[in-house]
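Below: one structure, written as structure tokens.
The values are calculated or read from the model by the stated rules, or taken from the named source; none is laboratory data. From a predicted model like this one, the values you see are computed outputs, not experimental measurements. All Cβ positions, glycine included, derive from the backbone under ideal geometry; neighbour counts span all protein chains shown.
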């Protein structure tokens with residue numbers, strides 16, 4: 001079965017529109033440095049959805065050296081209710097620098113230590129968009145996480161680590177793996193749900209998998225003129241349920257950003 005993300009995204013957007021009828025005015029500022037073309041494309045796609053929902057969205061293309069100064073300016077701007085920053089960052093700017101510079105009350109991608117820390121206490125009114133999209137695409141397709149063995153192949157602070165907390169908060173048993181992990185084949189065999197965020201096209205193929213699995217493919221890779229994920233159903237296995245790329249987790253992620261933008265002003 002293909003686990004469709006577009007249906008989940010549509011449902012989230014409809015909920016946002018309904019809540020905005022009598023809700024607060026939302027203004028999101030997205031910062032991308034001019035050389036980061038991928039973030040600019042991504043933010044423009046979110047902007048289109050934001051405008052359809054009635055959310056203000058201002059895309060700021062800046063010189064990399066001006067990033068922290070721009071974050072500070074937006075932190076102090078009372079008309080801006082949410083801030084998101086494109087990745088990768090300019091040379092000399094680290095994830096830690098950006099996370100500490102952002103005002104947690106405007107952090108709609110949940111990257112600040114304060115907001116990430118709340119996940120440890122199962123207080124997640126907002127959560128990082130990609131991990132939350134991963135959870136929602138499963139739950140809204142009727143896949144319960146309670147008691148499931150879940151393997152997350154990613155340990156980044158923006159995907160793997162917060163995703164582990166969200167899974168634990170839903171009573172899943174979680175194993176996290178990464179580039180230095182040995183015996184990966186055995187780990188894949190031993191788990192019910194495999195979440196891939198490797199960034200390598202065809203990293204996991206259905207022909208190499210034993211038994212029934214659920215595959216959540218977070219990977220986005222450009223191959224020629226196509227966008228593909230980390231998973232390839234090369235054997236056309238019918239006993240593997242998986243999220244497609246495109247049309248899977250990525251289609252839900254942009255909706256989660258806008259939901260966070262609404263939720264954070266109501267905290």
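Side notes on the structure shown:
- Scanning segment 83-101 for residues that are over 18 Å from the mean Cα position of the chain (by Cα) and within 14 Å of residue 72 (Cβ to Cβ) turns up 93, 97, 100, 101.
- Residues that are part of a loop (DSSP other than H, G, I, E, B) and surrounded by 14 or more Cβ atoms within 10 Å (Cβ to Cβ) within segment 200-226 comprise 201, 202, 203, 209, 218, 219, 220, listed in sequence order.
- Selected residue [in contact with a helix residue (DSSP H, G or I) (Cβ under 9 Å, 6 or more places away or on another chain), outside any helix (DSSP H, G or I), in contact (Cβ under 8 Å) with a residue 12 or more places away in the chain and within 30 Å of residue 141 (Cβ to Cβ)] from 50, 30: 30
- Matching option when the condition is buried (at least 21 other Cβ atoms within 10 Å of the Cβ) and under 14 Å from residue 253 (Cα atoms), among 138, 67, 119: 138
- Test: residue in segment 31-48 that is crowded, with 21+ Cβ neighbours inside 10 Å, assigned by TED's automatic domain parsing to the domain that holds residue 91 and within 17 Å of residue 264 (Cβ to Cβ): yes
- Test: residue in segment 104-113 that is farther than 20 Å from residue 133 by Cβ, in contact with a helix residue (DSSP H, G or I) (Cβ under 9 Å, 6 or more places away or on another chain) and in contact (Cβ under 8 Å) with a residue 24 or more places away in the chain: yes
- Long-range neighbours under 6 Å by Cβ, at least six apart or interchain, first residue at positive phi within segment 243-267, second crowded, with 21+ Cβ neighbours inside 10 Å and assigned to a loop (DSSP other than H, G, I, E, B): 247/5
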